Amino acid sequence: MLVVAERKNARAARNCAKLVASSAFVALSLELGATHSIYGKLLLTALLFSWVGDILLLGSDAWFLAGIASFLLAHVAFAAAFATRLLSAPRLAVGGLLMTIVAALVLPWLWPHLSRFYKIAVTAYVAALSVMATLAIGASVSTTIALPIGALAFAASDISVARDRFVKAGFVNKMWGLPLYYAAQLLITLSLASSGAQ
């Protein structure tokens with residue numbers, strides 16, 4: 001429904017669909033007992049920052065930076081949550097290498113389109129995102145494969161936002177970015193249901 005509303009540029013329907021969809025992953029985390037563990041509380045904090053970011057990005061361009069700041073805090077909270085899990089050193093190494101490659105590809109691609117301020121802001125964002133995804137890969141030894149898949153899907157969805165904002169705006173960015181984003185949040189939230197996560 002959200003993607004259809006975006007395609008038709010139906011602002012009211014888009015806002016309503018996004019609010020419902022974003023609230024759903026917060027509600028699911030509570031249903032899965034997010035308040036019963038440190039991991040769950042940090043994950044819930046990250047989901048709430050994501051929820052706030054989604055709402056801010058519904059506003060005018062003036063709210064874009066605030067929305068991105070909220071997502072930056074979400075990635076920091078996700079990273080903190082994943083750091084509480086049992087981590088595998090080999091998987092952390094693989095994750096770190098993978099995300100270094102991603103950053104090395106994404107930053108030069110975006111660089112010509114960024115103002116001086118956004119060069120700093122986007123670099124900080126990519127760093128936080130890379131740490132989050134690396135820790136998710138490292139923590140997969142103690143949760144499920146859904147966690148790193150969700151984190152990597154989140155990273156991919158952020159690329160769609162960056163392309164839409166800085167490179168070339170268009171519905172095509174939302175067509176693949178939005179489903180990836182909500183799938184990512186769902187997969188990460190479901191890690192609460194894995195053995196020992198609660």
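The values are calculated or read from the model by the stated rules, or taken from the named source; none is laboratory data. Everything numeric in this text was worked out from a predicted model, so none of it was measured. With ideal geometry, Cβ positions are generated from the backbone for all residues, glycine too; neighbour counts draw on all protein chains shown.
Descriptive notes on the structure:
- Selected residue (criterion: surrounded by the most Cβ atoms within 10 Å (Cβ to Cβ)) from residues of the range 102-122 that are at pLDDT below 95 and either on the phi > 0 side of the Ramachandran plot or among the aromatic types (Phe, Trp, Tyr) (or both): 118
- Checking every residue in the range 111-125 against the condition of being over 18 Å from residue 160 (Cα atoms) and in contact (Cβ under 8 Å) with a residue 40 or more places away in the chain gives zero matches.
- The single condition among (1) in contact with a Phe, Trp or Tyr (Cβ under 6 Å, 6 or more places away or on another chain); (2) more than 23 Å from residue 194 (Cα to Cα) that residue 103 does not meet is (1).
- Note on the range 41-52: residues that are surrounded by 20 or more Cβ atoms within 10 Å (Cβ to Cβ) and either modelled with pLDDT under 95 or among the aliphatic types (A, V, I, L, M) (or both) amount to 5.
- Test: residue in the range 64-77 that is surrounded by fewer than 21 Cβ atoms within 10 Å (Cβ to Cβ) and of a type in the set (Phe, Trp, Tyr): yes
- Leading residue by the ranking (nearest to residue 120 (Cα to Cα)) among those in the range 18-70 that are not hydroxyl-bearing (Ser, Thr, Tyr) and not in a helix (DSSP H, G or I): 57
- Within the range 1-39, considering residues that are over 19 Å from the mean Cα position of the chain (by Cα) and β-branched (Val, Ile, Thr), the one modelled with the lowest pLDDT: 4
- Enumeration of residues in the range 81-101 that are aliphatic (A, V, I, L, M) and surrounded by 18 or more Cβ atoms within 10 Å (Cβ to Cβ): 81, 87, 99
- Screening residue 167 against (1) surrounded by fewer than 21 Cβ atoms within 10 Å (Cβ to Cβ); (2) of a type in the set (Val, Ile, Thr); (3) within 28 Å of residue 87 (Cβ to Cβ) leaves a single unmet condition, (3).
Residues are listed down the side, and each one gets a yes or a no for (1) under 20 Å from residue 68 (Cβ atoms); (2) among the acidic types (Asp, Glu); (3) in contact with a helix residue (DSSP H, G or I) (Cβ under 7 Å, 6 or more places away or on another chain):
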| residue | (1), (2), (3) |
| --- | --- |
| 104 | no, no, no |
| 110 | yes, no, yes |
| 120 | yes, no, no |
| 123 | yes, no, yes |
| 169 | yes, no, no |
| 178 | yes, no, yes |
| 188 | yes, no, yes |
| 192 | no, no, yes |
